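Encoded as structure tokens, the structure appears first; notes follow it.
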């Protein structure tokens, strides 16, 4: 089970026509902008039963109360439109609490959002692979009072991965929204068929047309993932991708409303908003952008690291080894989310493995806890251990990021890992056209999921604890003194933040029970560093009772324990507008009290 397989979502909007609208698939061409090359722009109209916010599904459709999820066997739409609808559905379901606690109590809270979409591939100067850009322009956009949200996606999601974050707030207010997948999306390349994804999301063979991702060839049923196998270390450029998304958004406004052009940053209110990896991308963009490009930013649970703090790869590779041992404490486990007696034997085995490997002196959960707490994990972060282990989060993070940092192809990943479609016996197998066709729309951009899984040949070395050898190898990429470890640490250095921000309102929101990106490693030290560098308009809201995955909040047994972060982010956007209008300030740091999970 992985985070994408567990997830749910929705929100609202309205609009009125402005200009004559093109039919689906109208194409315009464009030129070089800054140091980024944009491909031809694909412009499509979306209204009536195919709007911007929910692809016509509405709240009932997103909740699954109006029939099953969209299927590619449906015949009333083209493949491209069906894939788009499925991608929007999948990302809502993968990110948002669609119940009353998430702010969606009534069916009339999700209105129609007619408008246009503009898509392009963009390639940073000197990079191997393109990234996706998408602008949603609602019919209600007012060119006399222009508003642009810039929303890089969370995690490694596809181009619609930030829609449930930015669109519920932005589209009803008539804001255009510029998205980017940060070069870490769902343009999976299937080596068995030598095919990738075209701009419209349909699958095409290498060389037939421009693809979103064309890795080096590989033999067999391997599948390349953009985040892991681009050869570009995209994380180092996430800030630049976000800046280029803002510029792409302004360019689209110029083309959509030429009589009102130019739409310069001085004329357009530009607000960056994102969560998780997208939140980290926003903060990096603020540090790197020309003064005046962004007017404000709101981020939640950002994956961001300042010098002197532990980056994600460091603490994730440690957690991958030691957190399973905590699950051997059955009494503690059964009081935690996803607590399951079936995890206790796994926990006991990991405790024993750690002793055999010389990493613990005693095969006891308390000994593993001591290691984790000494490394900075607090009780709130460790609260999520069973969630992280059940969803295979730590292996997904460390194996994918190691390949990205070391710029290896899928056929030569660090620690002998690989990615392939798996058959019912868990063995690599050719995916087949129908399964490969779905990846762009339904995957969260990480492995495992969508029928893809890890090839881990080192697992045979320790049958009682098969994941351990590969995880230990990944950990030694951080702690080791060999050439590959040195290269990885150098690559991680290139992703660190400066925390030097422009003089604009910046609101950082973080759940106190976040066990994937703990606030102690990310938001708290970032805000402190920003203030040390002179920032006076930054605020930190910590939310008690919130963790990283809003989608698990409605799970039975958890709804009285947790609250979602996204409604707090939307409130933060409201406060940020008040600050920009001079009606209020972001105020001081504060803790938003909610449910005490203990």
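The values are calculated or read from the model by the stated rules, or taken from the named source; none is laboratory data. Bear in mind that the values here come from a model prediction, so they are computed numbers and not experimental data. Heads up, the Cβs are rebuilt from the backbone with ideal geometry, glycines too, and the neighbour counts pull from every protein chain shown.
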Can you tell me which residue within region 78-113, out of those that are in contact with a helix residue (DSSP H, G or I) (Cβ under 7 Å, 6 or more places away or on another chain) and surrounded by fewer than 22 Cβ atoms within 10 Å (Cβ to Cβ), is modelled with the highest pLDDT? 103
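Of the residues 365, 345, which single one is at pLDDT 95 or above and buried (at least 17 other Cβ atoms within 10 Å of the Cβ)?
Matching residue, one of 365, 345: 365.
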I'm told residue 515 meets every condition in (1) under 23 Å from residue 285 (Cα atoms); (2) crowded, with 20+ Cβ neighbours inside 10 Å; (3) touching a residue at least 60 places away in the same chain (Cβ under 8 Å) except one. Can you identify the failing condition by its number? (1)
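Which is surrounded by fewer than 20 Cβ atoms within 10 Å (Cβ to Cβ) and at pLDDT 95 or above, of 598, 524?
Working: 598 fails: at pLDDT 95 or above.
Exactly one of 598, 524 is surrounded by fewer than 20 Cβ atoms within 10 Å (Cβ to Cβ) and at pLDDT 95 or above, namely 524.
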Cβ-Cβ distance below 6 Å, separation of 6 or more or different chains: which pairs start in region 532-543 with a residue that is closer than 24 Å to residue 275 by Cβ and end on one that is modelled with pLDDT of 95 or more and in a strand (DSSP E or B)? 538/506; 539/507; 540/508; 541/509; 542/510; 543/511
Kindly list, by first and then second residue, each pair from a residue in region 467-487 that is under 30 Å from residue 390 (Cα atoms) to a residue that is part of a loop (DSSP other than H, G, I, E, B), limited to pairs with Cβ atoms under 6 Å and residues at least 6 apart or on different chains. 468/462; 469/462; 470/456
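Being farther than 20 Å from residue 88 by Cα and under 24 Å from the mean Cα position of the chain (by Cα) is true for just one of 134, 124, 149. Which residue is that?
On the way: 134 fails: farther than 20 Å from residue 88 by Cα; 149 fails: farther than 20 Å from residue 88 by Cα.
Just a single option satisfies the conditions, and that option is 124.
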Residue check, residue 580 against (1) touching a strand residue (DSSP E or B) at 6+ places or on another chain (Cβ under 7 Å); (2) without any contact (Cβ under 8 Å) to a residue 60 or more places away in the chain, all met but one. Which one? (2)
Conditions (1) surrounded by fewer than 24 Cβ atoms within 10 Å (Cβ to Cβ); (2) more than 20 Å from the chain's Cα centre (by Cα); (3) touching a residue at least 60 places away in the same chain (Cβ under 8 Å); number of the one not met by residue 116: (1)
For residue 198: the one exception among (1) more than 27 Å from residue 255 (Cα to Cα); (2) surrounded by fewer than 24 Cβ atoms within 10 Å (Cβ to Cβ): (1)
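Among the candidates 226, 307, single out the residue that is in contact (Cβ under 8 Å) with a residue 40 or more places away in the chain and in contact with a strand residue (DSSP E or B) (Cβ under 9 Å, 6 or more places away or on another chain).
Numbers: 307 fails: in contact with a strand residue (DSSP E or B) (Cβ under 9 Å, 6 or more places away or on another chain).
It is 226.
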If I filter region 310-328 down to residues being surrounded by fewer than 24 Cβ atoms within 10 Å (Cβ to Cβ), touching a residue at least 40 places away in the same chain (Cβ under 8 Å) and part of a loop (DSSP other than H, G, I, E, B), which single residue comes out as farthest from the chain's Cα centre (by Cα)? 310
For residue 75, state whether it is at pLDDT below 90, in a helix (DSSP H, G or I) and over 30 Å from residue 286 (Cβ atoms). no
Restricting to helices (runs of 4 or more DSSP H) lying wholly in region 358-465: which have 3 or more residues that are in contact with a helix residue (DSSP H, G or I) (Cβ under 9 Å, 6 or more places away or on another chain) and over 24 Å from residue 90 (Cα atoms)? 365-374, 379-382, 393-406
Tell me whether region 478-485 contains one or more residues that are at pLDDT 95 or above, within 26 Å of the chain's Cα centre (by Cα), surrounded by 16 or more Cβ atoms within 10 Å (Cβ to Cβ) and within 20 Å of residue 392 (Cβ to Cβ). yes
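Provide a single number: the residues in region 469-492 that are part of a helix (DSSP H, G or I) and out of contact with any helix residue (DSSP H, G or I) (no Cβ under 9 Å at 6 or more places or on another chain). Lay out the reasoning, then the answer.
Filtering region 469-492 for residues part of a helix (DSSP H, G or I) gives 469-479, 483-492.
Retained after the next criterion (residues that are out of contact with any helix residue (DSSP H, G or I) (no Cβ under 9 Å at 6 or more places or on another chain)): 483, 486.
Result for region 469-492: 2.
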Can you confirm whether residue 573 is buried (at least 16 other Cβ atoms within 10 Å of the Cβ), farther than 30 Å from residue 313 by Cβ, modelled with pLDDT under 95 and in contact with a helix residue (DSSP H, G or I) (Cβ under 9 Å, 6 or more places away or on another chain)? no
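Take region 37-66 and flag every residue that is assigned to a helix (DSSP H, G or I) and within 24 Å of the chain's Cα centre (by Cα). Steps first, answer last, please.
Step one: list which residues in region 37-66 are assigned to a helix (DSSP H, G or I), which gives 58-63.
Within region 37-66, 58, 59, 61, 62, 63 meet the criteria.
Report whether or not residue 354 is in contact with a helix residue (DSSP H, G or I) (Cβ under 8 Å, 6 or more places away or on another chain), more than 30 Å from residue 187 (Cα to Cα), free of Cβ contacts under 8 Å to residues at least 40 places away in the same chain and in a helix (DSSP H, G or I). Full working, then the answer.
Working: in contact with a helix residue (DSSP H, G or I) (Cβ under 8 Å, 6 or more places away or on another chain): yes; more than 30 Å from residue 187 (Cα to Cα): yes; free of Cβ contacts under 8 Å to residues at least 40 places away in the same chain: yes; in a helix (DSSP H, G or I): yes.
Spelling it out, residue 354 is indeed in contact with a helix residue (DSSP H, G or I) (Cβ under 8 Å, 6 or more places away or on another chain), more than 30 Å from residue 187 (Cα to Cα), free of Cβ contacts under 8 Å to residues at least 40 places away in the same chain and in a helix (DSSP H, G or I).
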